[in-house]
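Just dropping this structure here.
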Amino acid sequence: MKVRSISLLVVAVVFTLALWFSATAVVPSLAAAYGLSGTHVAMLTSAVQVGFVCGTIFSAVLGLADRIEPQRFFMVSALIAAGANALMLVIDPRSEWILLCRFVTGACMAGVYPVGMKIAATWADRDLGLLIGIMVGALTLGSAAPHLFNAFGGVDWRFAVAVGSGAAVVGAFMAGGIELGPNRKPSPRFDPQAALTAFREPALRLANFGYLGHMWELYAMWAWIGVFFDASFRTTLPADGAAFWARTATFLVMGVAGAIGCVGGGLVADKWGRTILTAGAMAISGSCALVVGFLFGGNPWLLTGLCFIWGITIVADSAQFSSSVAELAPPDRIGTMLTVQTCAGFILTLATVHLIPHVVDAVGWKYAFSVLAIGPFIGVVCMLRLRRHPDAVKLAGGRR
């Protein structure tokens with residue numbers, strides 16, 4: 001039953017979050033077909049993220065992830081998101097209505113991603129890190145897939161939108177067949193202040209600040225590593241091949257390396273401890289952020305190799321922060337605590353993703369990514385402090 005439910009969960013989450021991935025895949029096609037301005041293109045991408053932040057705030061304040069049956073919450077959210085995404089097929093892509101569709105799609109993801117992690121937690125038996133790591137690893141592959149598609153000429157935007165909406169509908173009904181595990185807790189009473197527990201309790205606060213340090217680096221790297229590769233490869237490779245190899249390298253670093261990091265990180269954390277894995281991964285990824293710029297314009301293989309290591313370590317800790325929060329949270333508020341965590345992290349990424357181009361303009365690619373090292377190094381301090389906290393015995397069955 002556990003294997004069946006976790007398998008259904010992973011596929012359902014990936015199918016539903018295809019709505020998010022598809023935006024990355026179709027933006028180049030939409031921009032070319034309709035002559036969209038740079039501002040409109042940026043808003044198409046950011047509308048989903050802003051919607052997700054608003055959705056998680058709404059869900060956290062009302063405690064929806066803990067007060068509504070998770071499978072039902074997942075299903076309804078996925079179906080609404082699929083409908084909003086499908087409306088893109090009948091709306092002029094140059095209008096502001098399409099931005100509203102992307103916003104609603106993002107908002108509904110608040111009922112999918114955090115809720116999926118909560119469902120996984122109900123099945124945990126000394127393997128929570130691996131369970132969530134598998135789910136995040138699958139999502140990482142999915143989020144990187146558009147870079148591979150675009151390397152081979154991209155995809156037709158109508159096809160991508162239709163397939164994404166259809167996949168979300170399938171994911172919604174798959175969620176209805178998921179069974180909850182033995183760790184399920186009764187729904188708590190409504191408490192609008194419950195969300196504040198995420199930063200009011202010392203151990204949870206340290207775990208969440210560690211997560212924020214991780215998020216400071218992760219999405220900014222994911223957003224700009226493809227541009228970085230493209231700019232570097234154009235100085236060392238023939239012009240007609242530089243774009244292809246840049247997109248392929250981006251998929252390898254984000255998707256393949258990321259999936260390896262998520263699953264491997266889960267195995268290590270469950271065996272050796274959450275704080276050891278998260279602090280170690282952030283120390284390595286932060287170091288990569290400091291030195292990667294010095295390889296800009298150099299040997300493409302060496303640059304890609306270092307970035308592959310960066311791609312593994314930058315996401316190896318991602319699921320472990322969620323696992324830590326699930327283990328440290330009040331048992332009947334796990335869904336709300338996970339929602340608050342993801343909300344805070346994505347709010348931060350709205351700033352850091354837009355920071356990098358300004359740094360590039362100021363100091364160039366050689367030093368641009370070094371600013372990202374600030375987050376993981378602060379995160380290391382937070383997780384080592386958490387390791388010394390009495391509540392750390394709740395992590396990974398006492399393996400901290």
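In the chain, how many lysine pairs have Cα atoms under 29 Å apart, counting only pairs 8 or more places apart or on different chains?
Number of lysine pairs found: 10.
Another one. If Lys and Arg each add +1 and Asp and Glu each add -1, what is the summed charge of the other residues whose beta carbon sits under 12 Å from the beta carbon of T339?
Around T339, the surrounding residues sum to +2.
Another question, if that's okay. Please list log₁₀ I(q)/I(0) at q = 0.13, 0.19 Å⁻¹ for the range 1-180, using the Debye equation with identical point scatterers on the alpha-carbon positions.
Evaluating at q = 0.13, 0.19 Å⁻¹ gives log10 I(q)/I(0) of -0.63, -1.22.
Would you mind calculating the relative contact order of the range 259-400 from Cα pairs under 8 angstrom and at least 6 residues apart, reporting the percent as a whole number?
Relative contact order here is 44 percent.
What's the extension gain from A33 to I91 if we count 0.36 nm per residue and subtract their Cα-Cα distance?
Using 0.36 nm per residue and subtracting the Cα-Cα distance, I get 19.5 nm.
Write down Rg/Rh for the range 193-400, rounded to two decimals, with Rg from the C-alpha atoms and Rh from the Kirkwood relation over Cα pairs.
1.02
How large is the Kirkwood hydrodynamic radius of the range 40-87, counting all unique pairs of alpha carbons, in Å?
12.0
Here's something else I'd like to know. Helix hunt in the chain: which complete DSSP H runs extend at least 30 Å axially by C-alpha with mean Kyte-Doolittle at least 0.0?
The qualifying helices are 2-34, 38-62, 128-151, 202-233, 334-363.
Can you give the extra length, in nm with one decimal, that the chain gains between A362 and I374 once fully stretched, where that is 0.36 nm per residue apart less the Cα-Cα distance?
2.5 nm
Hey, if you put +1 on the Cβ of every Lys and Arg and -1 on every Asp and Glu Cβ in the range 193-400, which of T236, V359, V325 ends up farthest toward the positive end of that dipole?
My answer, from the dipole projection, is V325.
What does the charge add up to near D191, with Lys and Arg as +1, Asp and Glu as -1, over the other residues with Cβ less than 12 Å from its Cβ?
So the environment of D191 carries a net charge of +1.
Label A162 and S7 with points 7 Å out from Cα along Cα→Cβ: what is the distance between them in nm?
3.0
Using helices alone, I'd like the mean residue ellipticity at 222 nm for the chain: each DSSP H run of four-plus residues gives -39500 (n - 2.57), total over residue count, nearest 500.
Helix-only estimate at 222 nm: -25500 deg cm²/dmol.
How would you rank 198-211, 125-138, 1-14, 107-120, highest first, on the average number of other Cβ atoms within 10 Å across their residues?
Ranking the peptides 198-211, 125-138, 1-14, 107-120 by packing returns 107-120, 125-138, 198-211, 1-14.
Tally Lys/Arg at +1 and Asp/Glu at -1 over every other residue whose Cβ is under 11 Å from the Cβ of L9; what's the total?
Net of charged neighbours comes to +2.
Every read-out reported here was derived from the displayed coordinates using simple, explicitly stated rules and does not represent laboratory data. Because the structure is a prediction, the values reported are computed rather than measured. Note that we place each Cβ from the backbone using ideal geometry, even for glycine, and neighbour counts take in every protein chain shown.
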